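The values are calculated or read from the model by the stated rules, or taken from the named source; none is laboratory data. Model, not experiment: these values are computed from the prediction. Virtual Cβ from ideal backbone geometry, glycine too; neighbours counted across all protein chains shown.
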Amino acid sequence: MKTISKYLTFMIILAILLSACNQNAAVTPTAEPTAIAPLPTPNVNIDSGPDVEEAALAYMEFWKIEDYQSMYEQLSRLTKDAVTPEDFENSHRDTAKKLTMQGVEFQILSTMLNITTAQVNYQVDYDTALLGTISRQTIMNMILEDGVWHVQWDAGMMLPELAGGNYLELVIEVPARGNIYASDASNNYPLVSFEDVVTITVTPGNIEEDTENDMVALLAEILERPEDSIRAEYANVAGYQYAIIGDITAEVAEQYYDRLTSYAGIGLESFKARFYHDGGIAPHVTGYVLNVPAENLEYYQRLGYTGDEKIGYSGLEAWGEQYLAGTHGADLYVKDQQGQVLTKIAESDAKPAQSIYTTIESQLQYWLQQSMGDNVGAIVVMERDTSKVIAMVSTPGFDPNVFVGQFYTSYSIAEVTQNPYNPMYNRAAQGVYPPGSVFKIVTMAAALETGVFTKDYPYFCDSLWYELDGWVGKDWTYDKGFGASGLLTLQQGLMRSCNPWFWHIAYTLWNDGYQTAIPDVAAGFGLGKPTGIEIPEFEGNINMTPTDINEYVQMAIGQSTLQNSPLQIANFVAAVGNGGTLHQPTVVDRIGMTGQEPIYKFEPKEIGTLPVTPENLEAVQQAMTMVIRNPSGTANFQFQNYPWNIAGKTGTAENSTGTPHAWFAGYTFEEDPDRPDIAIAIILENAGEGSEMAAPLFRRIVSLYFTNMENAGGIMPWESAPYIPAQPDEE
């Protein structure tokens, strides 16, 4: 008890003391803490590893440009062990062909990243020729090897449907190829169409005695060719081998069937094919078709071709491929390894082909082709006021049927492709020549435009020219043994085609500081540049900065380095005749389907204005009329009592092969509301004088044109009768 009492007393005293301290004790300030230096910022190096998205994008960029080798280099080791570079590339190329792929784009949607593997989800969009845009979302699996992301490739990366060994099959529907027609003036006569065709052959060993003459006469009648050309086809053929004489439509073959089959020497072989009527009307304009070349097969397959079609290879057949081929239809299927159809990915309907209606007047074209004889050269005839080309002849010509006829031999094709005269070469648009005296039209315009000369400026035209030191020029009159032309105005100088007059012009202009006046005007006349016509052409050459007076003097008469095409010459002559407007030549009048509104219709297109004042242009026109009408004109003797209003210029162009080229160019000015005026350019290679050889063709062209083919305009120097070449002893 005593002990407990002591403990309680002690606790009470302790409580009192603590209470007193809390009430009365003063707060003692705490001393300022000593500052502690901060710890240094830790220097942590974190290696984030290569960027997986960047690697995927690099692969996709190579895919866009179809750099399959670089794509293959990004594949994983395991993938490379399973797929060869060749199989990898072929897989992509085959897919591209089946899709008719024109381009491909990618978009990364998301990525999933682990330590050494990754998945890139992306969208691939194929731009295709036949099936629109085909889009898919798929996955690129990637693996980190040697610190670099590599692609674990499988076919599902191209299309998910291709996973597991599936493949694509494209079924194509090919529409019939469109026709090529002549102009409305020729009642839409088909130049090219798809026909039931019959090839006529002759086997010399089967010709029965005393029947050959009648047989040849029949073939000449059917094919509208000279008998000699028929005989020439089989002259060198061994007895029981056949020679191809020509092609006719099944309709014509039926008409003549009984007569044809009465001759044992004649064979008839039928087939369906692209058919070029009458052995090729304007073949250099229409062009021809060929099988798809092996080196271009993939290109055309990517456009949706099967590869078995004929494609346009030259002329309008090539230029108008997009219209003439139509739009192919397609069904794209996915098949499994057993060849069973799993699904159809896409489809499109075929659309019919368009036809091309040319500006060519088939009858005029045909008779001009028959008028050239054995001459090598070209003719261009165009409407003066629009530059619509109504005839374009290049000789020798060729029969485009040799490339499509089933019974033509490699020998027949070689006769065309290996002919030293290159009959497939379009001399009208691609042939470039020194223009000779036809160019004096340009030189006269330049002389007038400088103001140094006027149309009445006098100059004595002698047979020899001595103004240029160290060289003596000879006028054509000297070589012909004629007397000098004498005192002539500038207009009369063109009329007489006086070389000394035009040498004098160049000599004077050069010394007066007009050292580019002639080429400047020539360029303004459209020379030395493409005309813009639809078919292939060459621009030729004009030296815009003549180096010395010698070159300038020769340029003035159409020589030196000048090179111009008959198409360019015809076009600038048309501009002279129409008052100074250069138009873009065309051989396409419209494009469309029969009975429907055309998708294209020709409208004249101005491409320039001659750099000549109206007064000076009129002076040139008058001089060109004098060439024809004045008794001293160089072509007057060819146009005695000629009923049509024409203006022209002769040309005889020297060349390195010896005999000069014969030129004639001119236009009509009948102003007949029912028959547009025309401009014409003619060249005959190595034929001699333009006035003697080319001018008669000009006479025929105008006569045929204005008489609806009834008046042949006389006999050509190489004919025994119109369109009939003279035999050697008749010429």
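Kindly evaluate Trp644 against the criterion of being under 20 Å from Val573 (Cα atoms), surrounded by fewer than 20 Cβ atoms within 10 Å (Cβ to Cβ), modelled with pLDDT of 95 or more and of a type outside the set (Gly, Ala, Ser). Explain how you work it out, then say what you get.
Values: under 20 Å from Val573 (Cα atoms): yes; surrounded by fewer than 20 Cβ atoms within 10 Å (Cβ to Cβ): yes; modelled with pLDDT of 95 or more: yes; of a type outside the set (Gly, Ala, Ser): yes.
Judged against the criteria, Trp644 is a match.
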Tally time: how many residues in segment 72-98 are of a type in the set (Val, Ile, Thr) and either under 28 Å from Leu130 (Cβ atoms) or part of a helix (DSSP H, G or I) (or both)?
2
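Looking at segment 255-269 only, could you name the residues that are assigned to a helix (DSSP H, G or I) and surrounded by 15 or more Cβ atoms within 10 Å (Cβ to Cβ)?
Step one: filter segment 255-269 for residues assigned to a helix (DSSP H, G or I), giving 255, 257-261.
The one that is assigned to a helix (DSSP H, G or I) and surrounded by 15 or more Cβ atoms within 10 Å (Cβ to Cβ): Leu260.
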Which residue is nearest to Gly540 (Cα to Cα), if the candidates are limited to segment 432-487 and must be touching a Ser or Thr at 6+ places or on another chain (Cβ under 6 Å) and of a type in the set (D, E, K, R)?
Asp475
Options Glu467, Glu383: the member that is surrounded by fewer than 20 Cβ atoms within 10 Å (Cβ to Cβ) and at pLDDT 95 or above:
Glu467
Of the residues in segment 502-512, how many are under 10 Å from Cys461 (Cα atoms) and over 41 Å from the mean Cα position of the chain (by Cα)?
1
Six or more apart or on different chains, Cβ atoms under 6 Å: show the pairs whose first residue is in segment 224-245 and at pLDDT below 85 and whose second is surrounded by 12 or more Cβ atoms within 10 Å (Cβ to Cβ).
Gly239/Pro204; Gly239/Gly205
Residues of segment 434-460 classified as crowded, with 24+ Cβ neighbours inside 10 Å and either within 17 Å of Thr395 (Cβ to Cβ) or of a type in the set (Lys, Arg) (or both), total:
1
Test: Leu487 is out of contact with any His (no Cβ under 9 Å at 6 or more places or on another chain) and in a strand (DSSP E or B):
yes
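I'd like to verify a number: residues in segment 173-201 that are of a type in the set (Ser, Thr, Tyr) and over 14 Å from Thr286 (Cβ atoms), how many? Reasoning before the result, please.
Applying the first criterion (of a type in the set (Ser, Thr, Tyr)) to segment 173-201 yields 181, 183, 186, 189, 193, 199, 201.
Next, from what is left, pick out any that are over 14 Å from Thr286 (Cβ atoms): 199, 201.
Final tally of qualifying residues: 2.
So, in segment 173-192, how many residues would count as being in a strand (DSSP E or B), out of contact with any Lys or Arg (no Cβ under 7 Å at 6 or more places or on another chain) and either modelled with pLDDT of 95 or more or of a type in the set (Lys, Arg) (or both)?
Taking segment 173-192 as the starting set, the residues that turn out to be in a strand (DSSP E or B) are 173, 180-181, 190-192.
Those still in the list that are out of contact with any Lys or Arg (no Cβ under 7 Å at 6 or more places or on another chain) too: 173, 180-181, 190-191.
Pick out the ones that are also either modelled with pLDDT of 95 or more or of a type in the set (Lys, Arg) (or both) and you get 173, 180-181, 191.
The total comes to 4.
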Here is a list of conditions, (1) surrounded by 15 or more Cβ atoms within 10 Å (Cβ to Cβ); (2) in contact (Cβ under 8 Å) with a residue 24 or more places away in the chain; (3) in contact with a helix residue (DSSP H, G or I) (Cβ under 8 Å, 6 or more places away or on another chain), and Leu342 meets all of them except one; can you say which number that is?
(1)
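How about segment 552-617: which strands (runs of 3 or more DSSP E) wholly inside it have at least 3 residues that are surrounded by fewer than 16 Cβ atoms within 10 Å (Cβ to Cβ), in contact (Cβ under 8 Å) with a residue 40 or more places away in the chain and not assigned by TED's automatic domain parsing to the domain that holds Thr508? Steps first, answer last, please.
Values: elements: 581-583, 588-592, 606-609.
Output list is empty.
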